[in-house]
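The values are calculated or read from the model by the stated rules, or taken from the named source; none is laboratory data. All of these numbers come straight from a predicted model, not from anything done at the bench. Ideal geometry is used to build each Cβ from the backbone, glycine not excepted, and the neighbour counts take in all protein chains shown.
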Amino acid sequence: MKKHEGAKREFYWSNKAWYGRKNEANEIYFGLYHYKKDGQKDGTSGEMRILWETQNKREVPQLQVFDDAWSALSRFHDVIDKLAEYDDRKITPEQFVQILKSCGFRDRTAYKEENTTPQKISRNGCTVDLYSECGCQRAGYTKGTSKLTIGGLVLSDTKKFPHKCSGCGVSPWEIHQTGCVIEPCSVCGCQRVSCGCKGHDMSFARWSGFLPGSLEAEALGLDMTEFYRKGYHKVFFVKPKLAIED
């Protein structure tokens, strides 16, 4: 049984966030989130979402809960009881937000972009800005290590070198096998095996040798939960659309 003591009830409406795509299907994530003493996020003991998919020209809501969040779901009797009042009535995102707020959930949607003042990174004695290129010859990682210092915090990757995908076994730079649970969707940035988006580019989403988001999250000073909550998976994993000139 997972420990939920001290967890905060929170939600975020990804489409309303500054990074959200307004033309995508509405989705609202909610769950139990933990914090460290300094206020920094410390993961979740259960997260789920309601997704509004278009069916027969109507937005139809569906509750999606992976099995690692069933324990957390059991604590949301008040939410389920209120949802029961909307049974087969196609509850709207706005109505669901009001339910969450009435049940004590805090809105953590990032409506405005946070301060992106470049942080300083020290790599092997070379200090550069987080969002700039480093021309120093000492900028590479030391062979056999993968350490990065951000704001005095030394981070390390347990996978020091590119490795085969743990989901389907392909080597770095190879295309994932169909049905691989690790492969990200190039259309929405989420788990490809569970999204069903059309237009997915398997070559763009090929296996890099590292878990999707792990290196990016490390560079940003985030854990993986926070990386996805802030929507960075859409920034890094979604294939850009080419502008068509007249």
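Test Glu245 against the stated conditions and say whether it is among the acidic types (Asp, Glu), over 19 Å from Cys165 (Cα atoms) and either assigned to a loop (DSSP other than H, G, I, E, B) or at pLDDT 85 or above (or both).
Details: among the acidic types (Asp, Glu): yes; over 19 Å from Cys165 (Cα atoms): yes; either assigned to a loop (DSSP other than H, G, I, E, B) or at pLDDT 85 or above (or both): yes.
So Glu245 fits the description; yes.
Counting only helices (runs of 4 or more DSSP H) that fall entirely inside segment 22-135 and contain at least 1 residues that are modelled with pLDDT of 95 or more, of a type in the set (A, V, I, L, M) and exposed (fewer than 15 other Cβ atoms within 10 Å of the Cβ), the qualifying elements are 77-84.
Yes or no, residue by residue, for (1) at pLDDT 85 or above; (2) part of a loop (DSSP other than H, G, I, E, B); (3) touching a helix residue (DSSP H, G or I) at 6+ places or on another chain (Cβ under 6 Å); (4) surrounded by fewer than 18 Cβ atoms within 10 Å (Cβ to Cβ):
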site	(1), (2), (3), (4)
Thr158	no, yes, no, yes
Ser171	no, yes, no, yes
His176	yes, yes, no, no
Ala219	yes, no, no, yes
His233	yes, no, no, no
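Test Lys90 against the stated conditions and say whether it is among the basic types (Lys, Arg) and either in contact with a Lys or Arg (Cβ under 9 Å, 6 or more places away or on another chain) or touching a residue at least 24 places away in the same chain (Cβ under 8 Å) (or both). In short, yes.
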